[in-house]
Each structure stands twice: as C-alpha cells, then as structure tokens.
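Quick notes on the structure that follows.
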Amino acid sequence: MPLASSEVVPAPDDPLADALPQNMLQSIDVAAKDELDPFVCEGCGAAMMPEDMVCVECGERRSTVRNWNTTMIFRVTAGIVLAFELLVLGLQWTTTGKPFGLREHSRRAVLVKLGLSHEDPTPGDTNAPLTTVTKDPDLVLQNHTKKADKNNGTWWIHGTVKNISQYTYLAVKVKFKLKDKAKSVIPEADVSAYVQSIEPGKAWEFKVLMIDPDAEGYEPILPIEGHR
C-alpha cells in the first residue's frame with residue numbers, strides 16, 4: 001500500500017488556511033521597509049535567526065550598526081555628555097588655573113556649603129556674621145618702594161595692590177616687616193595699610209609710615225589679606 005502523503009490539507013473553512021509563518025511575515029515587512037532581513041544571511045542568503053551574529057554556512061558576521069535605534073543613540077550621547085561633565089568637575093576641583101580651575105576661596109565656599117568646613121569670623125568684629133577670610137593670588141602687590149616725606153623727613157612705603165579677579169574684595173590689608181640697618185627684622189614692628197574695598201580689575205595705591213626710628217628697610221608679608 002502506498003504511504004499517505006504527509007502534507008496536511010487545511011479544511012476549506014479554516015480561517016488560517018492562507019496564513020504565513022511569523023518569520024515570513026517579518027521578512028515581508030522588512031522587505032517593504034527596504035531593510036535587511038533578520039532571517040537571512042547578508043553574505044550568502046542562508047537562513048539565520050535574528051539573534052545569530054555569525055552565519056554557519058559562510059562565516060559572515062552581521063553588522064551591529066543596524067541594531068542602533070533612537071534609544072541606543074540617546075543613551076550613548078547622554079553617556080558622553082555625563083562623562084564630559086564629570087571630567088570638567090574633576091578639573092575644577094583639582095586645579096586652580098584657567099579655564100576650569102576653582103580659586104581657593106571658591107573651593108572653600110563649596111566645602112562650607114556642604115558642611116565639610118567652617119567659616120572664619122571677620123577680624124575685629126565678634127558680632128559680625130561668619131565670612132571667609134581669603135588669602136589668594138587675586139590680590140597682587142604690583143610694586144612698592146621707600147620714599148621720604150620732604151616736609152618732616154619721615155619715611156613711607158609707597159606701592160600698588162591690584163585686584164585681578166572678577167570679584168569685589170573687602171577689608172584688604174597689606175603688611176610689611178621693618179628691618180634695621182643690619183637688615184634684621186625688628187621684633188613687633190610690623191606696619192600695615194587698609195582699604196575698605198577694591199573693585200574687580202581695579203588697583204589701590206597705598207602708603208605706610210615706617211614708624212620705628214631704627215627702620216632702614218622693610219619686607220612685604222604675603223599673601224595679601226582680603227574678604228570676598
């Protein structure tokens with residue numbers, strides 16, 4: 001007896017009689033969109049599953065670029081931006097120069113804001129609110145020299161302090177140690193000059209009286225003090 005055919009003939013009233021397999025439907029949809037068929041090897045045309053990366057027939061490796069969609073591009077872009085922001089933050093915290101570095105007073109202000117440091121009280125005012133005492137390269141002693149007063153014969157230190165920052169500095173003080181004829185520092189003979197404020201980019205011309213009669217020279221005490 002001949003064997004019966006293994007082909008199954010669907011019933012005439014079967015609603016799925018003309019249905020195509022899922023992989024064929026996906027292939028038709030991909031062809032309509034002019035995209036690569038995930039069920040076919042790009043090299044030899046052999047059948048492959050979408051998750052397979054290498055064709056077993058010809059060894060062709062699928063390109064991964066076609067798997068990039070809008071979500072993947074957004075994630076990669078966001079990762080690059082986040083990495084750049086972390087790099088800038090690291091440079092700001094670890095350096096003091098331009099263009100990213102933070103000045104010492106800015107770094108201290110961040111620590112105070114986070115509660116990791118304490119502010120110093122304003123000198124001479126016990127009731128004043130706490131503020132940061134700044135000793136910073138923003139205040140530059142540009143020049144200084146000793147000059148005699150023609151009227152009374154006293155000696156003065158003349159000079160200029162410039163604020164090279166973008167901030168206004170308050171309570172700026174410049175100080176000097178006085179020296180005798182042997183160029184030794186005279187104990188407890190420091191002299192100073194004070195100005196209420198220096199605006200950004202402005203200079204302050206000061207003069208300090210050398211009050212000790214034994215003073216023949218002087219030495220600046222750096223850095224210059226100020227409040228921001």
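The values are calculated or read from the model by the stated rules, or taken from the named source; none is laboratory data. Since the structure is predicted, the reported quantities are computational estimates derived from the model, not experimental observations. Neighbour counts run over all protein chains shown; Cβ positions are idealised from the backbone, glycine included.
Okay, here's what the table says:
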| item | result |
| --- | --- |
| Test for Glu225: is it assigned to a strand (DSSP E or B), in contact with a strand residue (DSSP E or B) (Cβ under 7 Å, 6 or more places away or on another chain), in contact (Cβ under 8 Å) with a residue 12 or more places away in the chain and surrounded by fewer than 19 Cβ atoms within 10 Å (Cβ to Cβ) | no |
| Every pair of residues 6+ apart whose Cβ atoms lie under 7 Å, when the first sits in region 196-218 and is at negative phi while the second is surrounded by 17 or more Cβ atoms within 10 Å (Cβ to Cβ) and among the polar types (S, T, N, Q) | Ile198/Asn163; Glu199/Asn163; Pro200/Asn163; Pro200/Ser165; Lys202/Asn163 |
| Segments classed as strands (runs of 3 or more DSSP E), wholly inside region 79-167, with at least 1 members that are in contact with a Lys or Arg (Cβ under 6 Å, 6 or more places away or on another chain), modelled with pLDDT under 70 and of a type in the set (Ser, Thr, Tyr) | 133-135 |
| Some residue of region 190-205 being touching a Leu at 6+ places or on another chain (Cβ under 9 Å) and in a loop (DSSP other than H, G, I, E, B) | yes |
